[in-house]
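Peer 1: Can you read through this structure? Questions will come right after.
The values are calculated or read from the model by the stated rules, or taken from the named source; none is laboratory data. Since the structure is predicted, the reported quantities are computational estimates derived from the model, not experimental observations. Note that we place each Cβ from the backbone using ideal geometry, even for glycine, and neighbour counts take in every protein chain shown. Note: areas computed on protein heavy atoms with side chains; ligands, DNA, RNA excluded. Shrake-Rupley method; radii C 1.70, N 1.55, O 1.52, S 1.80 Å.
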Amino acid sequence: MKTRLWFLGVLLAGSLGGCLPAPPEMAATAPLAPREATTFDRLDGWAEGDPRPGFEVLRKSCRAIGRRDQWREVCELAGGIDGNDRVAVLRFFHEHFTPYRLQKPDGDTQGLITGYYVPNLRGSRTPSQRYAYALYAPPEDMLTIDLRAVYPQLGEYRLRGRVEGRKVVPYYSRAEIEAGKGALAGKELFWVEDPVELFFLHIQGSGRIQLENGEGVMVNYADQNGHPYRSIGRLLLERGEMTRDQMSMQNIRAWARNNPARTPELLNENPSYVFFRELPGEVENPPGALGIHLTPRYSLAVDPKFVPLGAPVFLATTWPLEERPLRQLMGAQDTGGAIKGEVRGDFYWGLGEEGGHYAGRMRQQGQMWVLLPRGFAEK
């Protein structure tokens, strides 16, 4: 599953209970619902596109959602459709789904679309002068605090902490972990040669470690230290180190190569730290939030508060750094700590250099429509 981030600041929620509503004359305009029902002919690019790859992603998602009441019927029907028949696939969606346009509370239908991928890192199971930077499994001294039983309204938050005396305090930040804090001895999974590539692995949440014997091992997100993600790209922009037009993962790497003495301090500006697990066997693509292996170019990370996981999503955006339209049916199969909001997507580009080529440059506006089984929203 891609990186998911939680923070202890939600404890402030308990102090807001005594607030009074604004007088009627000062009250803001009521926010719009995040989903608005529409018709397929209003989806920008639907009629000209090919829904078949996205349909196959839905069939994969049905392995996880097919027993749920609101998905059971359409998943059973999907099993009987010839996935190679474009007309049959279109008919299936038109007859059994309603498209909903996603929109922000102010009615804006444009949102940020970014990309992610699975990087390849050279590494070893033992440390050496070449392989000096460790990937860790979750530490023994990190607590997970689930408040749902006491505060159901905080159900989406899982807090991370540690015991200090008789108090539970936030777990160590990235800078503290890099300085040797935390019960991480013996939790090393692999050692890699490049700390910047390791940092990007933390952001992506999954990666493939290429060992010297030719073996490739997939590692996947296991847990996170509970601190919020802070973008080092945004910091470089704020400090005038590069312009917005220059901003990309590739240029951040170049900056780090040119500024090796300043790089550790920059990386530690992001307090979030990710812990991993090794996946068994030959895994080509990592599992997403549904536990289903992601499909390159057709899996999308979304905010599950607004888009049900497993649902088909029609995306209308452009190719990275181009004006060429990119309009296609995808599957909401993953989540991400930075993927928050009604119109927000993270496009999975796949593995290795090709995936990184597009993912590292993708940061543009787009529109999204979620396709839900008929009657889904009313249940």
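Peer 1: Condition test on E241, is it open to solvent by 60 Å² or more (accessible area, probe 1.4 Å) and more than 30 Å from V163 (Cβ to Cβ)? Working first, answer last.
Peer 2: On the way: open to solvent by 60 Å² or more (accessible area, probe 1.4 Å): yes; more than 30 Å from V163 (Cβ to Cβ): yes.
Yes, satisfied.
Peer 1: Report yes if L135 is more than 30 Å from A47 (Cβ to Cβ), modelled with pLDDT of 95 or more and either part of a strand (DSSP E or B) or open to solvent by less than 20 Å² (accessible area, probe 1.4 Å) (or both), otherwise no.
Peer 2: Yes.
Peer 1: Taking R86, is it of a type in the set (K, R), modelled with pLDDT of 95 or more, surrounded by 14 or more Cβ atoms within 10 Å (Cβ to Cβ) and touching an Asp or Glu at 6+ places or on another chain (Cβ under 9 Å)?
Peer 2: Yes; evaluated as a whole, the condition is true for this residue.
Peer 1: Output the residues belonging to the stretch 212-242 that are part of a loop (DSSP other than H, G, I, E, B) and touching a residue at least 24 places away in the same chain (Cβ under 8 Å).
Peer 2: E212, N225, G226, H227, P228, Y229, R230, S231
Peer 1: Filter the stretch 188-220 down to the residues that are over 21 Å from I339 (Cβ atoms) and under 14 Å from the mean Cα position of the chain (by Cα) and list them by number.
Peer 2: Of everything in the stretch 188-220, nothing turns out to be over 21 Å from I339 (Cβ atoms) and under 14 Å from the mean Cα position of the chain (by Cα).
Peer 1: Now for a separate question. What residue, among those in the stretch 103-132 that are farther than 28 Å from E354 by Cβ and in contact with a Lys or Arg (Cβ under 9 Å, 6 or more places away or on another chain), is surrounded by the fewest Cβ atoms within 10 Å (Cβ to Cβ)?
Peer 2: The selected residue is T109.
Peer 1: OK, next. Just give me the residues in the stretch 346-357 being out of contact with any Ser or Thr (no Cβ under 8 Å at 6 or more places or on another chain) and either closer than 24 Å to V307 by Cα or among the basic types (K, R) (or both), in sequence order. I'd like the intermediate steps shown before the answer.
Peer 2: Let us first name the residues in the stretch 346-357 that are out of contact with any Ser or Thr (no Cβ under 8 Å at 6 or more places or on another chain), namely 349-357.
Listed by number, the residues that qualify are W349, G350.
Peer 1: Hey, another quick one. Residues that are within 30 Å of R122 (Cβ to Cβ) and part of a loop (DSSP other than H, G, I, E, B): does the stretch 307-317 have at least one?
Peer 2: no
Peer 1: Six or more apart or on different chains, Cβ atoms under 6 Å: show the pairs whose first residue is in the stretch 158-186 and acidic (D, E) and whose second is open to solvent by less than 20 Å² (accessible area, probe 1.4 Å) and outside any strand (DSSP E or B).
Peer 2: Listed by first residue and then by second, the contacts come to nothing, as the list is empty.
Peer 1: So, R230, is that one under 21 Å from the mean Cα position of the chain (by Cα) and open to solvent by 20 Å² or more (accessible area, probe 1.4 Å) or not? Steps first, answer last, please.
Peer 2: Numbers: under 21 Å from the mean Cα position of the chain (by Cα): yes; open to solvent by 20 Å² or more (accessible area, probe 1.4 Å): yes.
Answer is yes for this residue.
Table: residues versus (1) closer than 23 Å to G350 by Cβ; (2) β-branched (V, I, T).
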{"position": "L198", "(1), (2)": "yes, no"}
{"position": "H202", "(1), (2)": "yes, no"}
{"position": "G205", "(1), (2)": "yes, no"}
{"position": "Q210", "(1), (2)": "yes, no"}
{"position": "G226", "(1), (2)": "no, no"}
{"position": "M249", "(1), (2)": "yes, no"}
{"position": "E265", "(1), (2)": "no, no"}
{"position": "N268", "(1), (2)": "no, no"}
{"position": "V274", "(1), (2)": "yes, yes"}
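Peer 1: Output the residue which, of all residues in the stretch 249-277 that are over 16 Å from H202 (Cβ atoms) and under 22 Å from the mean Cα position of the chain (by Cα), is surrounded by the fewest Cβ atoms within 10 Å (Cβ to Cβ).
Peer 2: Q250
So that you can scan it fast, the table gives a plain yes or no per residue for (1) open to solvent by 10 Å² or more (accessible area, probe 1.4 Å); (2) modelled with pLDDT of 95 or more; (3) of a type outside the set (S, T, Y):
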{"residue": "P280", "(1), (2), (3)": "yes, no, yes"}
{"residue": "G291", "(1), (2), (3)": "yes, no, yes"}
{"residue": "P296", "(1), (2), (3)": "yes, yes, yes"}
{"residue": "V307", "(1), (2), (3)": "no, yes, yes"}
{"residue": "G310", "(1), (2), (3)": "no, yes, yes"}
{"residue": "T335", "(1), (2), (3)": "yes, no, no"}
{"residue": "E353", "(1), (2), (3)": "yes, no, yes"}
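Peer 1: Show the residue pairs meeting these rules: Cβ distance below 8 Å; 6+ apart or different chains; first residue within the stretch 114-127 and within 18 Å of S248 (Cβ to Cβ) and small (G, A, S); second residue part of a loop (DSSP other than H, G, I, E, B) and open to solvent by 60 Å² or more (accessible area, probe 1.4 Å).
Peer 2: Close Cβ pairs (under 8 Å, with a partner that is part of a loop (DSSP other than H, G, I, E, B) and open to solvent by 60 Å² or more (accessible area, probe 1.4 Å)) amount to G115/R361.
Peer 1: Oh, and also: Taking into account only those residues within the stretch 55-77 that are assigned to a helix (DSSP H, G or I) and in contact with a Cys (Cβ under 6 Å, 6 or more places away or on another chain), which is nearest to L300 (Cα to Cα)?
Peer 2: C62
Peer 1: Taking the stretch 159-191 on its own, how many of its residues are surrounded by 18 or more Cβ atoms within 10 Å (Cβ to Cβ), basic (K, R) and part of a strand (DSSP E or B)?
Peer 2: 2
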